[in-house]
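Read the structure below first, then the notes.
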């Protein structure tokens, strides 16, 4: 996923779309908006970011899960949780540097799935589809002709907390 | 550096500060460490053939109940309890919690066999009566006795594994800078053995045995204090995240908890009392060992809390 911070206005439509699409219970969220201010007054800059699970290439949540409930889907490289295997031990939550996971009232862990059910049907994740500024892009980074690959080749970008060593797959164009 | 404000991010127990583990996990880690310490000291006593220090061998019988209590506390912490059996339908080599589950599964039967192997010498009277009522116990003792040394050596290895595991469980979380140092494993092991030495002193009726474990405990407390100091040094000489994590106890919100509760009351006070007693002072015999055990518990509460207060992103 690639998100253009120059276009994001922090409207939280992505958050509402996610809650609606995935029936996220009230009081919980799979994605959120971060307002990042940097610099020193009066030389400040503000950046809006739509954040979520980074579906890392080296996912510490998967490594820390004692039952195999957290896993990387081989077909899509998306990190998912199997509720039938999850004990709710919260090891994956402790392991995630992005605090992207939470426990549902039912007792198992939940998080962003990149709307894998939509992606398998050839659709974009709900957040990407709903974004009114078209700041969000979703695709296959292994395909050099995909939108996301071309954006990363032509624009400067960053990832969140790269030093955590998780090799995140949500990129922010700067 | 950037200042972050988030909207819509208010997941229970995650935001604004991570608090996924309450009293259950520190209690589990404490009971696991205490059980590991008792197993280690008891097994060493068996290997050395020490008749003068029977309590260490008697308390081998407390190891499995303590582990069971600890696992009970962990069970209470699980949010999806119906799936608890899933710990034993997988072995995930990268997950310390998975290692711990399987190590505990091996430690319990080995401990029970070691108890059976030593039962006739440790409880000669009671065992004779028990064998008459439950002949299977006699057969179990007869089966275990010729294997005592193998069982004792296995217990030493398993005790060290369980003791270190209780610390490695936390230190493996790179996302929590306060935990992310491998020295936590040895600290938890030493702390667990120290608590076990305290427990033996509390239960023992022999002045000589109490004195022996008091001397051992003094050494263990000194080692623990040095290791905790080294942990802070490691954190302060590490990357930004661990340096920031260290400030929790160097002027931050856990400063008083660390210096007063963990260090002064949990470690230095029992160390001073035990040293004083060894030099001939007459103090209530239960005081120092009770403080050692309480200190070991407080330390785990402190560490579990501190780690959850640290992370990579200041949401």
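Quick rundown of the values:
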quantity	calculated
Members of region A:57-77 that are out of contact with any strand residue (DSSP E or B) (no Cβ under 7 Å at 6 or more places or on another chain), at negative phi and part of a loop (DSSP other than H, G, I, E, B)	A:57, A:58, A:65, A:66, A:67, A:74, A:75, A:76
Residues of region A:99-140 classified as closer than 23 Å to residue B:312 by Cβ and either modelled with pLDDT under 95 or assigned to a loop (DSSP other than H, G, I, E, B) (or both), total	7
Test: residue in region A:151-170 that is surrounded by 17 or more Cβ atoms within 10 Å (Cβ to Cβ), farther than 24 Å from residue A:120 by Cβ and away from every other protein chain (no Cβ under 14 Å)	no
Selection from region B:1-27 of residues that are out of contact with any strand residue (DSSP E or B) (no Cβ under 8 Å at 6 or more places or on another chain) and either free of Cβ contacts under 8 Å to residues at least 60 places away in the same chain or not in a helix (DSSP H, G or I) (or both)	B:10, B:16, B:17, B:18, B:19, B:21, B:22, B:23, B:24
Helices (runs of 4 or more DSSP H) (entirely within region B:74-146) containing at least 2 residues that are under 26 Å from residue B:167 (Cβ atoms) and away from chain A (no Cβ under 14 Å)	B:96-122
Matching residues in region A:78-90 - criterion: being assigned to a loop (DSSP other than H, G, I, E, B) and either more than 23 Å from residue A:165 (Cα to Cα) or within 14 Å of the chain's Cα centre (by Cα) (or both)	A:78, A:82, A:83, A:84, A:85, A:86, A:87, A:88, A:89
Residue that is surrounded by the fewest Cβ atoms within 10 Å (Cβ to Cβ) [pool: residues in region A:56-87 that are free of Cβ contacts under 8 Å to residues at least 12 places away in the same chain and more than 11 Å from chain B (Cβ to nearest Cβ)]	A:74
Complete set of residues in region B:212-231 that are crowded, with 16+ Cβ neighbours inside 10 Å and over 18 Å from the mean Cα position of the chain (by Cα)	B:212, B:214
Residue match in region B:28-47 (condition: within 30 Å of residue B:209 (Cα to Cα) and within 12 Å of chain A (Cβ to nearest Cβ))	yes
So residue B:32, is it surrounded by 17 or more Cβ atoms within 10 Å (Cβ to Cβ) and either under 28 Å from residue A:66 (Cβ atoms) or out of contact with any helix residue (DSSP H, G or I) (no Cβ under 8 Å at 6 or more places or on another chain) (or both)	yes
Failed condition for residue B:294, given (1) modelled with pLDDT of 95 or more; (2) in a helix (DSSP H, G or I); (3) surrounded by 19 or more Cβ atoms within 10 Å (Cβ to Cβ)	(3)
Test: residue in region B:152-165 that is surrounded by 15 or more Cβ atoms within 10 Å (Cβ to Cβ) and under 30 Å from residue A:163 (Cα atoms)	yes
Among (1) within 22 Å of residue A:107 (Cβ to Cβ); (2) more than 10 Å from every other protein chain (Cβ to nearest Cβ); (3) free of Cβ contacts under 8 Å to residues at least 40 places away in the same chain - the single one residue A:53 does not satisfy	(3)
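Conditions (1) at pLDDT 95 or above; (2) over 18 Å from residue B:167 (Cα atoms), marked per residue:
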site	(1), (2)
B:226	yes, no
B:239	no, yes
B:243	yes, yes
B:249	yes, yes
B:279	no, yes
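The values are calculated or read from the model by the stated rules, or taken from the named source; none is laboratory data. Keep in mind the model is a prediction, meaning the values are calculated, not measured. Counting neighbours? That spans all protein chains shown, and the Cβs are built from the backbone with ideal geometry, glycine included.
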